[in-house]
Amino acid sequence: MTFRQFAFNNVIRNKRLYAAYFLSSMFTVMVFFTFAIFAFHPALGGDSLSTGMGQKASGGLSVAGGIIFVFSFFFVLYSMSSFLQSRRKEFGVLMIQGMSMRQIRTMVFLENMLIGFFATIGGIVLGLVFAKLILLAAENVLIIENKLNFYFPLLAIIVTFISFTALFLFISFLVSFVLRSEKLIHLLKGNQKSKGEPKASVLLTLLAALLLASGYYVALSAKGNGVFIAMLPVTIVVILGTYLLFTQLSVFVIRRLKKRESLFWRKTNMILFSDLSFRMKDNARTFFMVAIISTVAFSAIGTLYGFQTLLTSGMKKMNPNTFTYSAGENNKNTEKDVVFIDETLKEKNIQTEKAEVLLKYFEINGESVLIAKQSDYNRFAVLIGAEQIKLQEGKAAAVEFDEREDRGGSDLLKQPITLAPERKIHADQVVRSKALPETGSYYVVTDSDYQKLRKPKRETWFYAWQAQDKNDRQVIEAGEKLAKKLDPFQFVAVDYEVYDISRGYGPILFVGLFIGIVFFVSAGSFLYFRLYTDLDDDKQKFKSISKMGLTDRELKKVLSRQIGILFFAPIVVALVHGAVALTALSHAFRYNLFKESAMVLGIFFAIQVFYFFIVRFYYTKQIKAAI
């Protein structure tokens with residue numbers, strides 16, 4: 001048997017040992033390949049992403065591909081180093097049999113290239129299998145002129161194969177070059193060397209709590225632009241606090257719990273706590289890295305999803321009518337434009353309710369303020385389904401357009417309205433409504449008092465059309481046609497504006513989702529590798545404990561808690577970090593992102609729970625087999 005055959009057989013005959021590294025590498029290739037299928041799709045060429053945010057997103061696809069590839073490099077490198085760490089005993093046995101360190105390096109190089117080659121091929125094949133599903137998912141996120149039909153992605157295959165062949169080749173050289181020579185006794189003992197009882201510094205423990213608490217407080221208390229000013233220092237503080245949380249605070253808490261005899265001696269808690277502080281200390285770097293990577297994923301996806309919702313819902317709230325048109329009293333094209341709008345809606349078979357009004361602005365304390373009569377206001381309120389106003393003679397209402405905050409209604413209540421016979425009336429109520437297009441505060445008075453007003457400072461015509469039983473596609477097509485012909489400062493078709501925002505923002509959201517998912521799944525793989533690094537130690541430990549009467553039920557309970565801490569400790573920290581970050585973001589935009597944040601964080605937590613049950617099943621199965 002030649003040396004190459006030995007390396008090949010070593011991989012084939014130890015499928016379980018190599019499976020985790022192979023599968024994680026293959027998944028990384030598959031993710032990059034499916035992204036390449038999307039990025040190189042013919043439908044995304046030409047003018048499909050040439051306008052608005054879509055133009056920036058088109059270039060962003062290449063940047064995103066580069067980010068995924070760079071992250072894939074570090075992910076594969078970490079996976080390889082964890083894989084080699086778990087094989088230290090094997091290297092020791094091979095050295096006893098006469099293999100030199102140079103031959104071990106050569107073996108590792110050949111094995112890594114073999115695994116890398118088949119992982120690349122397997123990832124491309126799997127990517128082709130799921131390509132249609134990915135394209136269908138992209139169609140639901142993106143809004144482009146052409147559908148993302150399945151095609152044979154020759155360019156994506158070539159780019160993926162060349163990129164990852166070069167990646168595995170470079171990592172193989174790098175790992176074989178830096179693989180250190182260690183004493184034989186250290187290799188044979190593996191990770192069994194005693195490290196002593198982990199200890200935590202009280203000062204650093206308090207510092208961890210202080211850093212996290214102060215970071216959270218500043219992030220949650222900042223408002224408006226202050227959120228962006230505080231972002232960098234808060235991020236640095238929270239990162240440092242997170243590192244100390246896993247290296248100091250967690251060990252300190254575990255040591256305190258171990259001193260509580262009522263808890264430590266209860267049922268199987270002694271087995272769990274016996275080496276929990278060791279595990280937390282050993283896994284601190286992994287926990288820290290997973291927590292930060294997951295936080296980035298949660299925050300990025302939550303921000304992108306929330307920002308899209310902010311843009312689209314904001315557009316709808318600002319324009320409750322399906323179509324609106326406004327123009328000055330002296331605008332010569334007003335009548336012509338209104339006729340064009342009516343004809344276009346009729347052409348598209350869109351049934352609408354129409355209302356029009358001449359809005360009059362009066363000078364009050366040096367400011368131009370809209371004063372509308374009650375009948376006109378109620379007509380437009382009915383059009384959008386808002387509550388009508390009922391006023392008594394000599395009374396007025398101050399109307400606020402913005403529902404989130406009082407930006408002047410209370411001030412208007414203090415300003416009197418002067419009528420023609422030098423009689424003054426005051427507003428005695430504040431109403432929040434979007435019936436009329438004025439985004440500031442304005443007055444509504446009775447029809448009889450309206451007739452007694454002085455000459456207005458300026459006048460504006462306002463028209464609104466509300467579609468009844470609308471066909472979204474027809475409404476969007478009509479809006480697109482009208483928007484191309486009419487002045488954007490005068491005409492607004494809200495459904496088309498939302499469609500245009502989604503069309504430009506879709507690629508950005510899709511790319512963000514893709515990168516976020518890559519980060520999150522990679523974080524899960526880090527935890528998987530860290531867990532299996534301790535597999536041999538756990539087999540020996542539970543094999544010894546089982547002789548003392550440990551039942552299968554107790555074994556499963558201990559392993560569930562042990563694996564649960566490993567899988568959920570960093571994820572829970574990341575979820576809290578993400579929730580704080582998204583809450584701060586909602587303060588910056590003055591928009592409640594609770595629904596979007598809860599949806600994003602909930603989905604990721606559900607994925608982690610599913611992943612936990614799968615890993616626990618196979619890990620428990622291997623422990624039981626060893627017993």
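Bear in mind that the values in this text are calculations on the coordinates, not laboratory data. Nothing here was measured: the structure is a model prediction, and the numbers come from that model. Positions of Cβ are backbone-derived with ideal geometry, glycine not excepted, and every protein chain shown enters the neighbour counts.
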query = Given H placed on each backbone N at 1.01 Å, which residues far from ILE364 in sequence or on other chains put an amide H within less than 5 Å of it?
reply = VAL369
request  = Report the chymotrypsin sites (Phe, Trp or Tyr not before Pro) located in region 260-298 that are in a DSSP loop and have at most 14 other Cβ atoms inside 10 Å of their Cβ, or state none.
outcome  = TRP265
request  = Using a Förster distance of 25 angstrom, determine the FRET efficiency expected from the C-beta separation of ASN330 and ALA420, and round it to 0.05.
outcome  = 0.50
Test item: Cα-centred dipole of the chain, Lys/Arg +1 and Asp/Glu -1 on Cβ, debye = 4020
inquiry  = Take the residue pairs LYS89/LYS547; LYS354/LYS434; LYS390/LYS470 and return only those whose Cα atoms are more than 19 Å apart.
reply    = LYS89/LYS547; LYS390/LYS470
note = Residues whose modelled amide H sits under 5 Å from the amide H of ASP428, counting only those 5 or more places away in sequence or on another chain, are ALA396, ALA398
query = Which value in deg cm²/dmol, rounded to the nearest 500, describes the helix-derived mean residue ellipticity at 222 nm for the chain, given -39,500 (n - 2.57) per DSSP H run of n ≥ 4 and division by the residue count?
reply = -22500 deg cm²/dmol
key: 10 Å Cβ shell holding at most 11 others, DSSP loop, GluC sites (Glu not before Pro): longest site-free stretch of the chain   = 146-392
task = Take every DSSP beta bridge with both residues inside the chain and express the antiparallel ones as a percent of the total, to the nearest 5.
result = 80
inquiry  = Which one, ALA493, ALA200, TYR216, is farthest towards the positive end of the dipole of the chain when Lys and Arg carry +1 and Asp and Glu -1 on their Cβ?
reply    = ALA200
Rounded FRET efficiency, nearest 0.05, which uses the C-beta distance separating MET318 from ILE158 and R0 of 51 Å = 0.60
Built amide H within the under 5 Å cut-off of GLU329, gap 5+ = GLU459, TRP461
key: Modelled FRET efficiency - R0 51 Å, ARG454 with ASN349, Cβ distances, 0.05 increments   = 0.65
key: Where a label projected 7 Å from the Cα of ASN225 along Cα→Cβ would reach, residues of region 272-309 with amide N under 14 Å   = none
ask   = What is the distance in Å between the Cα centres of region 592-627 and region 325-380?
value = 56
task = Would you please state which residues of region 151-170 a label at LYS132 would reach in this model, taking the label point 7 Å out along Cα→Cβ and a backbone N cut-off of under 18 Å?
result = 151-154
